[in-house]
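Heads up, the thing below is written out as structure tokens.
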Amino acid sequence: MKALIVACFLLAASLISPAQTNSGMSGDEGTILVLENAWNKAEMNKDGQALDELLANSLVYVDYDGSLMDKDQFVASAKNSTVQSLQLVNDNVHVHTYGDSAVVYGVYHEKGVEKGHSYTRNGRFVDTWVKVSNTWQCVASQSTLLSR
């Protein structure tokens with residue numbers, strides 16, 4: 001299991017765009033950036049196990065439409081078979097650490113198919129991460145659609 005998680009982090013690290021990297025970034029900030037990208041991959045692949053590792057049991061998730069979900073609801077929605085994400089990437093991501101917590105914000109771009117209809121969403125997100133037992137987990141996430 002640990003080997004799978006490490007492999008996922010390494011894959012996600014290789015997908016970080018140059019625009020997302022910053023030579024002044026701390027080790028924790030880089031780790032969190034990798035975790036953000038791993039989250040996108042887990043959502044696209046409907047990987048509930050990976051999402052379970054990334055998200056705290058107490059997760060509070062506010063979706064772009066204002067709906068509120070806990071961890072179980074979010075993971076179930078990510079695994080929904082009527083939605084297929086074809087692209088889910090972050091842009092202009094900033095990470096600010098505060099000891100064992102961090103705030104991440106940026107822009108996401110998503111394309112996919114839902115109930116047979118294609119969609120494109122662009123939005124801003126804010127995620128709050130907490131380090132527990134030397135492991136970072138997201139405890140809160142909020143996204144807002146950008147106007148077209």
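Of all residues in region 107-119, count the ones that are open to solvent by less than 70 Å² (accessible area, probe 1.4 Å) and either under 22 Å from LEU54 (Cβ atoms) or part of a strand (DSSP E or B) (or both).
So the first thing to find is which residues in region 107-119 are open to solvent by less than 70 Å² (accessible area, probe 1.4 Å), and the list is 107-110, 112-114, 116, 119.
In the following step, the residues that additionally are either under 22 Å from LEU54 (Cβ atoms) or part of a strand (DSSP E or B) (or both) were identified as 107-110, 112-114, 119.
Total satisfying the criteria: 8.
Scanning region 34-59 for residues that are open to solvent by 20 Å² or more (accessible area, probe 1.4 Å) and acidic (Asp, Glu) gives GLU43, ASP47, ASP52, GLU53.
Any residue in region 54-72 that is under 12 Å from the mean Cα position of the chain (by Cα) and not aromatic (Phe, Trp, Tyr)? So far as region 54-72 goes, yes, one or more of its residues are under 12 Å from the mean Cα position of the chain (by Cα) and not aromatic (Phe, Trp, Tyr). Being open to solvent by less than 60 Å² (accessible area, probe 1.4 Å), under 11 Å from the mean Cα position of the chain (by Cα) and either at pLDDT 95 or above or closer than 17 Å to SER67 by Cα (or both) holds for only one residue in VAL95, VAL126, VAL130, VAL104, and it is VAL104. Residues in region 60-88 that are open to solvent by 40 Å² or more (accessible area, probe 1.4 Å), of a type in the set (Lys, Arg) and either part of a helix (DSSP H, G or I) or at positive phi (or both): none. The residue that is nearest to THR82 (Cα to Cα), counting only those in region 109-148 that are touching a helix residue (DSSP H, G or I) at 6+ places or on another chain (Cβ under 9 Å) and among the hydroxyl-bearing types (Ser, Thr, Tyr), is SER141.
The values are calculated or read from the model by the stated rules, or taken from the named source; none is laboratory data. Everything numeric in this text was worked out from a predicted model, so none of it was measured. Ideal geometry is used to build each Cβ from the backbone, glycine not excepted, and the neighbour counts take in all protein chains shown. Keep in mind that these areas ignore ligands, DNA and RNA; they rest on the heavy atoms of the full protein, side chains included. Shrake-Rupley method; radii C 1.70, N 1.55, O 1.52, S 1.80 Å.
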